[in-house]
Structures are given as structure tokens and as C-alpha cells.
Amino acid sequence: MTSSTPASTTARSGGCLCGKVQFTVTGEPDYPHTCSCRDCQGLSGAPMMSWVSFPLDGLAWSGAEPSWHYTWPDSKRGFCPSCGSQICALDDGATSIAVTLSALGNPPDLVPVNQSFRETAVPWLPQVPDTRS
Ligand SMILES: [Zn+2]
Ligand SMILES: [Zn+2]
């Protein structure tokens, strides 16, 4: 018996802006990062999105499930059909799901360690340094 809860079993809850889509994720957060690809920019209406992955088997929808839009033949984005919040990204056959840090409420312990698609980043914002060790 241990006195503290391992991070891998800590449940985190998140959801969209209007509260229709809600979820919990359990398990070790993997690779928090930002992405400034054209898909993230177009879907969010912002210069970049921020992501972190969790084991797919630790995901549970507690509100409505998101609507899905395929950005690639085998990769889709989940969003709230009411308010449009971007919630998650899921590849067909994947064992993990990426959720947006914004859907999780930007938890302070999940700090992006890298930025993807720097080549399409806007020139008027600093980029996230690569702090992976
Ligand atoms: Zn919503
Ligand atoms: Zn992206």
C-alpha cells in the first residue's frame, strides 16, 4: 500500500467550452507539445494547438461524444457539435488518443516540450523550445 497515487492512475477530466462533450483520461500523459500545422491552424482558428496523448483504453466519455472530422484518410479530429471546441485527435487503429491541453483546462503540470510543424508557424509568435532530454 502506498500513500500517494501514481501518476499513471490519476484521472484527468476535460471537456468543451459549452460542457456538452466531457471526458476523463487515465494513464501516463505522453509528449505534451504544440503544433502549428495547417490543419491545427485551420481547425482552431489560431496560430497553433497544444496536445498531449493518453492511452486510448483510459479514455471515457462522460458527456456527449464529439463529432468527428477526418483530416487524413486514417486520422480524425473530435470536436463539440454545439460549440465547436477542438477536443481530440485519433488515428485509426491507434492505442493512444491525443487531447488538447485547452480541453483539459491547460493544466500547469503539462508543459509543451516541443513544437511540431515549425515551418508553418506564424513569424510573430515565439516557438516552443525543444526541451526533450
Ligand atoms: Zn461544446
Ligand atoms: Zn497540427
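All of the numbers you see were taken from the coordinates with simple rules; none came from a lab. Computed from a prediction, not measured in an experiment: that's the story for all the values here. Methodologically, a virtual Cβ is constructed for each residue, glycine included, from the backbone with ideal geometry; neighbour enumeration extends over all protein chains shown.
Of the candidates GLY78, GLY105, GLY19, GLY42, the single residue that is surrounded by fewer than 17 Cβ atoms within 10 Å (Cβ to Cβ), under 24 Å from ALA121 (Cα atoms) and within 16 Å of ligand 1 (Cβ to nearest atom) is GLY105. What about SER67, is it within 16 Å of ligand 1 (Cβ to nearest atom) and polar (S, T, N, Q)? In short, yes. Within the stretch 55-104, take every residue that is touching a strand residue (DSSP E or B) at 6+ places or on another chain (Cβ under 7 Å), in a loop (DSSP other than H, G, I, E, B) and in contact (Cβ under 8 Å) with a residue 60 or more places away in the chain and give me the one that is nearest to ligand 2 (Cβ to nearest atom). Restricting to residues being touching a strand residue (DSSP E or B) at 6+ places or on another chain (Cβ under 7 Å), in a loop (DSSP other than H, G, I, E, B) and in contact (Cβ under 8 Å) with a residue 60 or more places away in the chain, the top hit is LEU101. List the residue pairs whose Cβ atoms are under 7 Å apart, where the first residue sits in the stretch 105-124 and is under 12 Å from PRO47 (Cα atoms), the second is assigned to a helix (DSSP H, G or I), and the two are 6 or more positions apart or on different chains. Listed by first residue and then by second, the contacts come to THR120/ARG38.
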